[in-house]
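Undergrad: Dropping a structure here in structure tokens format, bear with me for questions.
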Amino acid sequence: MSMSKHPHLHDHEVILDVRHLGVAYGKVEALHDVSLTIRRGEIVTVIGPNGAGKTTLLAALMGLLPATGDIVYMGHAQGREREVEALVRHGMTLVPEKRELFAEMSVEDNLLLGAFDRYRSGHRDQMETMDEVFELFPRLEERRAQLAGTLSGGERQMLAMGRALMAKPKLLMLDEPSLGLAPLIIKEIFRIIGELKQTGVAILLVEQNARAALQIADYGYVLETGEVSLAGPSQELAADPRVIESYLGLGHKH
Amino acid sequence: MDLQILLLLGQDGVTNGAIYALLALALVLVFAVTRVIFIPQGEFVAYGALTLAALQAGKVPGTVWLLLALGTTVALLDGVRLLREGRFRKLPPLLIFNVGIPLLCAGGLFVVPPTQLPLWAQVAVSMLLVVPLGPMIYRVAYQPLASASVLVLLIVSVAVHLALIGLGLLFFGAEGSRTPAFTEISFELAGAPLQGQTILVIVASALLIIGLYFFFERTLYGKALRATAMNRTGARLMGIPPALAGQLCFTLAAAIGAFSGILIAPITTIYYDSGFLIGLKGFVGAIIGGLASYPVAALGAALVGLLESYSSFYASAFKEVIVFTLIIPVLLWRSLTTKHVEEEE
């Protein structure tokens, strides 16, 4: 892991640059003045307690929620009216907390639909991409004809990630991939996230499981009540007494 | 009742049932994907039949003007947006689909008298004139309200239905029309005559249903529509725009409606407002399927056709009453057996 010596990979191109992001549900401010940067081939994690606004952050970045502030994605400043479909076309994908699979469809069809936009814009390499996904998640290949709704929790998460990878993303955003999974499966999922990093995709990982997230990430942000309270290279964060106290301390089950 | 009458009525019932089944499928599709209860479904039946009848009578059907007006509106709405966003490459297809093809059809009708066209070409022209109305109506009436509640969308449907009925009266007049049969062939089945047209309706409906099945099971666009119906957020995250899904399923619904109208035009006299009742019977079928199950909806619609046919023999004055009363036990059974599920969003 020579990369972790250069925590911010400063020579790599910036994929996403967010400045002063704000989101409000009516008059209630869910996010306030959030700034973060992600580069190619980097894993950035956002940790924090339940209700800190982590999922809101991802929804705003993905164009699912209106937001204020400046978002520069792949060198293009984003306007106020951001469309999910346009962002997907430019390689941004979100694996949501609820997975949002197509439950009554087979694993294979779910994966194919992950490449829908590529298919629509004329690419016909779905089968090769699917083989790559199967290489990463052999379990999915075994279950390829099974309906997505009948999969176990871990397999669902794998399918949601595999489906996102079918779009050949430049930025992969993962919302709580460890949620509700057994420790062994979590380990497996995080191992795969680490492997994905080698392919050059930028990963924004939102997690409550701070220990696992900081172990794998290059850089981390701590989000508390809608604001970034701490930021830094993840090794430094993991050693920060405030982080240890709130998120890594013994007996804490965050 | 002897066997001959039994068969005759059965034949009638199956024919109508096939049409109701097609409409029921279209209604389920539109509702599943867009949450719109598509009351104007029946109007497409009437428009399809009456446009063909007008062409065969040598008249320019009024649908041409509606198509041109709606097409121009859509081109303006989307054109301005594309220009503002600088997406110039999307302009040509937009203009071709919404203005070019309608103009070509209209121009063609003035150059070549439609009465000289062979039957299949008349059918094709009718479809070209009526089917694009589906996605255009979606764009103008429903797309701006895509995230509204089911109730608001239902109210829009009622408005669109009333507008189309009024325009239908203006375009086609108050008299009904019946087109000549596509085929004069007739068979005899156990002493009862079996019309070639009847067989045509059943075969064409069956082929269309098989075609739809393949579209939904084998093509990525069909799967994308199913995905949108299953999980709207999930579909958006895959880059399947709700507007595309909406326009696609309204195109299918309009095509199914217009095609059904053309199929039954030689069997029944169609008036400008006949579509409503026909669509409503398809709706009863769709309700039997809970607006969710395609096979149950199709079977339910076929049942409606048979019930209608036999009740017209026993109690012809009450035929509609009997058919629509069918919905009460179905709703009762549904509300007793299904668990209450909160509406999404």
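Undergrad: Would you tally the residues in the range A:66-113 being farther than 18 Å from B:ASN231 by Cβ and out of contact with any His (no Cβ under 9 Å at 6 or more places or on another chain)?
TA: 17
Undergrad: Just to be sure, is A:GLN208 surrounded by fewer than 20 Cβ atoms within 10 Å (Cβ to Cβ), within 27 Å of A:VAL14 (Cα to Cα) and of a type in the set (S, T, N, Q)?
TA: So A:GLN208 fits the description; yes.
Undergrad: Would you mind stating whether B:TYR47 is touching a Gly at 6+ places or on another chain (Cβ under 6 Å), hydroxyl-bearing (Ser, Thr, Tyr) and assigned to a helix (DSSP H, G or I)?
TA: Spelling it out, it is not the case that B:TYR47 is touching a Gly at 6+ places or on another chain (Cβ under 6 Å), hydroxyl-bearing (Ser, Thr, Tyr) and assigned to a helix (DSSP H, G or I).
Undergrad: Please determine whether any residue of the range B:223-245 is closer than 16 Å to B:LEU27 by Cα, more than 14 Å from chain A (Cβ to nearest Cβ) and in a helix (DSSP H, G or I).
TA: Among the residues of the range B:223-245, not one is closer than 16 Å to B:LEU27 by Cα, more than 14 Å from chain A (Cβ to nearest Cβ) and in a helix (DSSP H, G or I), which makes the answer no.
Undergrad: For a quick check of your reading of the model, give me the residue pairs whose first member lies in the range B:132-158 and is within 17 Å of B:ALA253 (Cα to Cα), whose second is surrounded by fewer than 15 Cβ atoms within 10 Å (Cβ to Cβ), with beta-carbon atoms closer than 7 Å and at least 6 apart or on different chains.
TA: B:VAL140/B:THR73; B:LEU153/B:LEU145; B:VAL156/B:LEU145
Undergrad: Looking at B:LEU67, is it part of a helix (DSSP H, G or I), touching a residue at least 40 places away in the same chain (Cβ under 8 Å) and out of contact with any Pro (no Cβ under 8 Å at 6 or more places or on another chain)?
TA: no
Undergrad: For A:ASP175, are the conditions met, namely being in contact with a Pro (Cβ under 8 Å, 6 or more places away or on another chain) and not aliphatic (A, V, I, L, M)?
TA: So A:ASP175 fits the description; yes.
Undergrad: Another question, if that's okay. Looking at the range B:265-276 only, could you name the residues that are in a helix (DSSP H, G or I) and crowded, with 24+ Cβ neighbours inside 10 Å?
TA: Answer for the range B:265-276, where residues must be in a helix (DSSP H, G or I) and crowded, with 24+ Cβ neighbours inside 10 Å: just B:GLY275.
Undergrad: Name the single residue, out of those in the range B:115-131 being in a helix (DSSP H, G or I) and without any contact (Cβ under 8 Å) to a residue 60 or more places away in the chain, that is farthest from B:SER157 (Cα to Cα).
TA: B:GLN116
Undergrad: So A:ASP131 fits all but one of (1) in a loop (DSSP other than H, G, I, E, B); (2) away from chain B (no Cβ under 11 Å); (3) without any contact (Cβ under 8 Å) to a residue 24 or more places away in the chain; what number is the exception?
TA: (1)
Undergrad: Here is a further query. Is it true that some residue in the range B:182-193 is in a helix (DSSP H, G or I) and touching a residue at least 12 places away in the same chain (Cβ under 8 Å)?
TA: no
Undergrad: Look at B:ALA253 and say whether it is touching a Pro at 6+ places or on another chain (Cβ under 6 Å), in contact (Cβ under 8 Å) with a residue 40 or more places away in the chain and either within 14 Å of chain A (Cβ to nearest Cβ) or aliphatic (A, V, I, L, M) (or both).
TA: So B:ALA253 fails the test.
Undergrad: Which one of these is buried (at least 16 other Cβ atoms within 10 Å of the Cβ), of a type in the set (Gly, Ala, Ser) and closer than 29 Å to B:HIS161 by Cα: B:ALA255, B:ALA192?
TA: B:ALA255
Undergrad: Could you list all residues from the range A:64-87 that are outside any helix (DSSP H, G or I), within 11 Å of chain B (Cβ to nearest Cβ) and of a type outside the set (D, E, K, R)?
TA: Once the filter is applied, which keeps residues that are outside any helix (DSSP H, G or I), within 11 Å of chain B (Cβ to nearest Cβ) and of a type outside the set (D, E, K, R), the range A:64-87 yields A:LEU64, A:GLY79.
Undergrad: I've got another one for you. Only one of B:GLU188, B:GLU184, B:GLU217 is more than 14 Å from chain A (Cβ to nearest Cβ) and more than 29 Å from B:GLN122 (Cα to Cα); which?
TA: B:GLU188
Undergrad: Something else about it: Pairs please, first residue from the range B:21-44 and under 17 Å from B:GLY305 (Cα atoms), second anywhere and crowded, with 24+ Cβ neighbours inside 10 Å and among the β-branched types (Val, Ile, Thr), Cβ atoms under 6 Å, 6+ apart in sequence or on different chains.
TA: If the second residue must be crowded, with 24+ Cβ neighbours inside 10 Å and among the β-branched types (Val, Ile, Thr), the pairs left are B:LEU22/B:ILE256; B:ALA26/B:ILE256; B:GLY42/B:ILE278.
Undergrad: Does A:ARG156 satisfy the condition of being in contact (Cβ under 8 Å) with a residue 24 or more places away in the chain and assigned to a loop (DSSP other than H, G, I, E, B)?
TA: No.
Undergrad: With the range B:284-341 as the region, which helices (runs of 4 or more DSSP H) entirely inside it contain at least 3 residues that are under 21 Å from the mean Cα position of the chain (by Cα) and farther than 22 Å from B:MET230 by Cα?
TA: Counting at least 3 such residues, we get B:294-314, B:319-325.
Undergrad: Tell me the residue from B:LEU277, B:LEU225, B:LEU237, B:LEU248 that is closer than 23 Å to A:ALA60 by Cα and either modelled with pLDDT of 95 or more or of a type in the set (A, V, I, L, M, F, W, C) (or both), please.
TA: On inspection, the qualifying residue turns out to be B:LEU237.
Undergrad: For the range A:148-181, enumerate the residues that are farther than 25 Å from A:ALA86 by Cα and touching a Gly at 6+ places or on another chain (Cβ under 7 Å).
TA: Those that are farther than 25 Å from A:ALA86 by Cα and touching a Gly at 6+ places or on another chain (Cβ under 7 Å): A:GLY153, A:GLY180, A:LEU181.
Undergrad: I've got another one for you. Which one of these is at pLDDT 95 or above, within 12 Å of the chain's Cα centre (by Cα) and over 20 Å from A:SER246 (Cβ atoms): A:ALA217, A:ALA202?
TA: Being at pLDDT 95 or above, within 12 Å of the chain's Cα centre (by Cα) and over 20 Å from A:SER246 (Cβ atoms) holds for just one of A:ALA217, A:ALA202, which is A:ALA202.
Undergrad: So in the range B:203-214, with the set limited to residues that are surrounded by fewer than 17 Cβ atoms within 10 Å (Cβ to Cβ) and either outside any helix (DSSP H, G or I) or not hydroxyl-bearing (Ser, Thr, Tyr) (or both), which one is farthest from the other protein chains (Cβ to nearest Cβ)?
TA: B:VAL203
Undergrad: In the range A:88-127, which residues are more than 7 Å from chain B (Cβ to nearest Cβ), part of a helix (DSSP H, G or I) and over 18 Å from A:ALA160 (Cα atoms)?
TA: Passing the criteria: only A:ARG120.
Undergrad: Do you know which of the residues in the range A:140-175 that are over 24 Å from A:HIS90 (Cβ atoms) and of a type in the set (Asp, Glu) is nearest to the chain's Cα centre (by Cα)?
TA: Only one residue fits best here, namely A:GLU155.
Undergrad: Which residue out of A:PRO169, A:PRO138 is of a type outside the set (Val, Ile, Thr) and surrounded by fewer than 19 Cβ atoms within 10 Å (Cβ to Cβ)?
TA: A:PRO138
Undergrad: Then there is this: So which residues in the range B:82-94 are aliphatic (A, V, I, L, M), under 29 Å from the mean Cα position of the chain (by Cα) and exposed (fewer than 15 other Cβ atoms within 10 Å of the Cβ), if there are any at all?
TA: Across the range B:82-94, the qualifying residue is only B:LEU91.
Undergrad: Here is a follow-up. Looking at this structure, is B:VAL74 in contact with a Ser or Thr (Cβ under 6 Å, 6 or more places away or on another chain) and assigned to a helix (DSSP H, G or I)?
TA: In short, no.
Undergrad: Does the range B:222-239 include one or more residues that are surrounded by fewer than 18 Cβ atoms within 10 Å (Cβ to Cβ) and either touching a Cys at 6+ places or on another chain (Cβ under 9 Å) or within 30 Å of A:GLU83 (Cβ to Cβ) (or both)?
TA: yes
The values are calculated or read from the model by the stated rules, or taken from the named source; none is laboratory data. None of the values given here were measured: they were computed from a predicted structure. No Cβ is skipped: glycine too gets one built from the backbone with ideal geometry, and neighbour counts run over all protein chains shown.
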